[in-house]
1. Looking for something over 25 Å from Lys226 (Cβ atoms) and open to solvent by 70 Å² or more (accessible area, probe 1.4 Å) - is there at least one such residue anywhere in segment 252-273?
2. Answer yes or no as to whether Thr198 is open to solvent by less than 80 Å² (accessible area, probe 1.4 Å), within 16 Å of ligand 2 (Cβ to nearest atom) and not in a helix (DSSP H, G or I).
3. Only residues that are assigned to a helix (DSSP H, G or I) and modelled with pLDDT of 95 or more: list them for segment 96-119, please.
4. Restricting attention to segment 48-73, which residues are touching a strand residue (DSSP E or B) at 6+ places or on another chain (Cβ under 7 Å) and not aromatic (Phe, Trp, Tyr)?
5. Looking only at segment 127-147, decide whether some residue is away from ligand 1 (no atom under 16 Å from the Cβ), in the same structural domain as Gly21 (by TED's automatic domain parsing) and on the phi > 0 side of the Ramachandran plot.
6. Which residue out of Gly69, Gly21 is open to solvent by 10 Å² or more (accessible area, probe 1.4 Å) and either within 26 Å of Glu273 (Cα to Cα) or more than 15 Å from ligand 1 (Cβ to nearest atom) (or both)?
7. All but one of (1) surrounded by 13 or more Cβ atoms within 10 Å (Cβ to Cβ); (2) at negative phi; (3) part of a loop (DSSP other than H, G, I, E, B) hold for Glu223, so report the exception by its number.
8. Taking the criterion of being assigned to a strand (DSSP E or B), out of contact with any Ser or Thr (no Cβ under 6 Å at 6 or more places or on another chain) and within 14 Å of ligand 2 (Cβ to nearest atom), would at least one residue in segment 18-36 satisfy it?
Amino acid sequence: MKRTLSGIQPSGKLHIGNYFGMMQPMLQQMDNSELYVFIVDLHALTSVHDRERLRTGTLEAAADFLALGLDPNRCIFWVQSDVPEVCELSWLLSTMTPMGLLERCHAYKDKVAKNIAASHGLFAYPVLMAADILLYQSEIVPVGKDQKQHVEVARDIAQRFNNTFGETFVLPEPLISESTAIVPGVDGQKMSKSYDNTIPIFLEEKPLRKRVMSVQTDATPVEDPKDPDNCNLYALLKLFASNAKMQEVHDLYVNGGAAYGYLKQDLFELINEQFSAARAKKKELLDNQDYLRQILKEGAEKAREKATVTMDLVRDRMGLKY
Ligand code: ADP
Ligand code: TRP
C-alpha cells in the first residue's frame, strides 16, 4: 500500500475547489493506501495573525474532514504543529534549498504580485511543505494543480539530500485528478479563498442559493447556442450532475435553449443535496470539541512516532549525532 499524505490550511471556509481538488481524491485513497491527513496551522500563519481565527479555524477544519467521511481509524489525522519535528526538518532542508528554486515558485510570485506582504515565512513556505511530505516518507500527495509545483520542490529537495547524504527520503509524487484540477469560482477565475469567489460547501441553504445565483454568465439570449467549454456554470454543473443530466444540458447549450437561471437553480439543488448531511454532521461535531481534540491528539501521537524515526535517520546522516 502506498503512503499518501495531504494537508489543508485552516485559514478559511472549505470550498468546492478544495473538495474536488484535494479532499475527494484523498478520501478515495482511504481504502487503498496508508493515509496521512493533517491540518497545516503553521502554514496558515503566513496569512492569519489572529489567535481566535486560527484556533476556531483548526477545529473547523477537523470537523470538515470528519463530516465529509474521513475515518480516523483508517488514517492518521492530526494538526501540523503538534509534531514539532517538522520545524526542525524544515530548517535542515532549507540549508539544502537553493534560493532560485524558491524564487521560481508561482504561489509566492502570485502573492507578491497581489501585494500580499512577503514575509520570510511566505518565501520559505515550500520548504516547510517539503518537510511535511518528507518527514512521513510520503509517496503520493493528492493536491489541486496549483500545488503541483510545491510537490515538485519537495521531490527536488529530497533528491539533493539523497545525493549529498545517501538514500534517506522517498521521492514523492503529486496526484492530480485532471477532471477537477482547477475548479472555477463564481467569477470564472480559479476558485480560491484569496479571490473571494468561492462557493463554501457548508453554507446554509439560503446563503448557498444566493451564492450559486451569483455565478457569472454571459449575456447570450436563451434561444441562442452557447459554448459549454467556455462557461463556468457548465463546468460547475459537471462536477455535480449525472452523465445523463449533463448530456441534456450539453444539448441545450449547443442547440440553444439553455436558461442560465434554471441551470443555476439545478446547480444549487445538486450542491445542497450532496452536502446537506455533512453540514448537519459538522454542526454536531463542532458541538463536541473535546471529541475533536481527542481524535487530533491520538493522531498526533501516531504521526510523531513516524516522524521520530525519520528525524533520527536525518540527524545521523547530516552529522548531528556525535
Ligand atoms: P485556496 O486557493 O482557496 O486558498 P488552498 O490553497 O488552501 O485553497 O488549497 C487547499 C487544497 O485545495 C490544495 O490542494 C489546492 O490545490 C486545492 N484547491 C484549491 N482551490 C482549488 C480549485 N479551484 N480547484 C482545484 N483544487 C483546488
Ligand atoms: N500548501 C498546501 C495548500 O495550500 C497545504 C499543504 C501544506 C500541503 N503542507 C502540505 C499539502 C503537504 C500537501 C502536502 O493547499
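1. yes
2. yes
3. Residues satisfying the conditions are Met99, Gly100, Leu101, Leu102.
4. Correct list: Thr58, Ala61, Ala62, Leu70.
5. yes
6. Every option except Gly69 fails the conditions.
7. (1)
8. yes
The values are calculated or read from the model by the stated rules, or taken from the named source; none is laboratory data. Predicted model, so just to flag it, every value in this text is computed and none were measured. Ideal geometry is used to build each Cβ from the backbone, glycine not excepted, and the neighbour counts take in all protein chains shown. Side chains are part of the model used for accessible areas, which takes the heavy atoms of the whole protein and leaves out ligands, DNA and RNA. Shrake-Rupley method; radii C 1.70, N 1.55, O 1.52, S 1.80 Å.
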